[in-house]
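Following: one structure in structure tokens, then a few remarks.
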């Protein structure tokens, strides 16, 4: 196979942007579109500039594709993924992989049995800024990690009121649907977790069936601590997306909105009643050169490379399920008022070798 014929399933929301990014990738041609809405298909088709096969039933597109990108409601991921795996079509599944552990395991098993590349859409590890942050951490120059925090704030109110994202079809709350990105990232930076605890609330996000605001803490084998806090109910925002890594030498601070990584390193002993203006004492280690969604293009290119050359994706099914396993354990512990034992998951974290 020299060129991958790709089908897009679910043409709402993000898919028009995805289509434009896919067009930048050598080795992929979008040959089919599937959605129940003619308007959605038209929007994506216009972004492509070509005339793909169009259908409302993805089961009719197998002859037109070698691989599919699936962006359906979460509860449909398993059925759709299983169909294409059994037809030996490669699959790039938007997160979450599936909404239950049993479904995830079965989809992974069938994909491996059929020799199909199964990859999950976790774009954050493909982002140049995040790769640079990981490079700085791994250099050891900025110290040993004591604690890593990731905070995200946004207003996410699915419309219309009958939207599937307001129901159990979402598979969980904010922690499951969005937090999976950042649990995955904490694992990549901090290693294997030992235990964790989660608290969530629907206050301020009554349109969601489960929590819209979420806070999770983790302890890792190496002694480092992790924190992920987020809300889908922000009526005002200052931090947006903020990553901070406290080390025994200082603070690495990453602002996703500006693409700037700063290192704060002035040591000042705390004196009660005295406020230190530490914000004036930092070094800019990295600054993003341009805005864009280059992580999506890089993610799609990685998928194409894995399909064409038989490589294991960085965010394959097994990797994608690990963050979900952790979230499910923490949800269960929350119900019982305990901390979650996160040992024994057999986690193995990998990072890009190529530039």
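Bear in mind that the values in this text are calculations on the coordinates, not laboratory data. Here the structure is a predicted model, which is why all the values come from computation and not from measurement. Cβ coordinates were reconstructed from backbone atoms using ideal geometry, including for glycine residues, and neighbour counts include every protein chain displayed.
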Self-check item: Compactness of the stretch 1-120, expressed as Rg and Dmax over alpha-carbon positions, Å
Solution: 13.5, 40
Quiz item: When the C-alpha atoms of the stretch 24-90 are aligned to their principal axes, what extent does each axis show, in angstrom, from largest down?
Solution: 30, 27, 19
Exercise. Would you mind classifying the stretch 100-167 by shape? Square roots of the alpha carbon gyration tensor eigenvalues, ordered a ≥ b ≥ c; an a/c under 1.5 is rounded, otherwise it is prolate if a/b is larger than b/c and oblate if not.
Key: oblate
Quiz prompt | log₁₀ of I(q)/I(0) at q = 0.17 Å⁻¹ - the stretch 81-212, Debye sum with one point per alpha carbon | solution = -1.11
Quiz item: Given a Förster radius of 35 Å and the C-beta distance between residue 141 and residue 202 as r, what FRET efficiency does 1/(1 + (r/R0)^6) yield to the nearest 0.05?
Solution: 0.20
Quiz item: Taking the Cα centre of each part, how many Å lie between the stretch 27-92 and the stretch 132-162?
Solution: 31
Practice problem: Kindly express, to the nearest 10 degrees and within the range 0 to 90, the angle between helix 294-309's C-alpha long axis and the longest C-alpha principal axis of the chain. | Solution: 50
Quiz item: If you rank 189, 218 by fewest surrounding Cβ atoms within 10 Å, what's the result?
Solution: 189, 218
Self-check item: Calculated FRET efficiency for the pair residue 2/residue 50, C-beta based, R₀ 22 Å, to 0.05
Solution: 0.75
Quiz item: Dividing the Cα radius of gyration by the Kirkwood radius, what Rg/Rh value follows for the stretch 162-238?
Solution: 1.03
Quiz item: residue 102 to residue 311: extension gain in nm, 0.36 nm per residue of separation minus the Cα-Cα distance?
Solution: 72.7 nm
Self-check item: Residue-averaged 222 nm ellipticity for the chain, from DSSP H runs of 4+ at -39500 (n - 2.57), nearest 500
Solution: -9000 deg cm²/dmol
Practice problem: Give the angle, between 0 and 90 degrees and rounded to the nearest 10, that separates the Cα long axis of helix 77-86 from the longest principal axis of the Cα atoms of the chain. | Solution: 50
Quiz item: If you take the square roots of the eigenvalues of the alpha-carbon gyration tensor of the stretch 129-170 and sort them as a ≥ b ≥ c, do you get rounded (a/c under 1.5), prolate (a/b over b/c) or oblate?
Solution: prolate
Quiz item: Looking at the stretch 133-280 from every direction and averaging, what is the projected area of its Cα convex hull in nm²?
Solution: 10.8
Exercise. Please give the length that would be gained between residue 248 and residue 17 if that part of the chain were fully extended, namely 0.36 nm times their separation in residues minus their C-alpha to C-alpha distance (nm, one decimal).
Key: 79.1 nm
Exercise. Give me the angle, in degrees from 0 to 90, between the Cα long axis of helix 317-335 and the longest principal axis of the Cα atoms of the chain, rounded to the nearest 10.
Key: 60
Quiz item: What percent of all Cα-Cα pairs in the stretch 210-328 falls in each 5 Å bin, counting up from 0?
Solution: 2, 7, 11, 13, 16, 20, 15, 8, 4, 2, 1, 0, 0
Quiz item: For the residue pair residue 283 and residue 36, what label-to-label distance in nm results when each label sits 7 Å from Cα along the Cα-to-beta-carbon direction?
Solution: 5.6
Practice problem: Take the Cβ-Cβ distance between residue 112 and residue 64 as r, set R0 to 25 Å, and report the resulting FRET efficiency rounded to the nearest 0.05. | Solution: 0.50
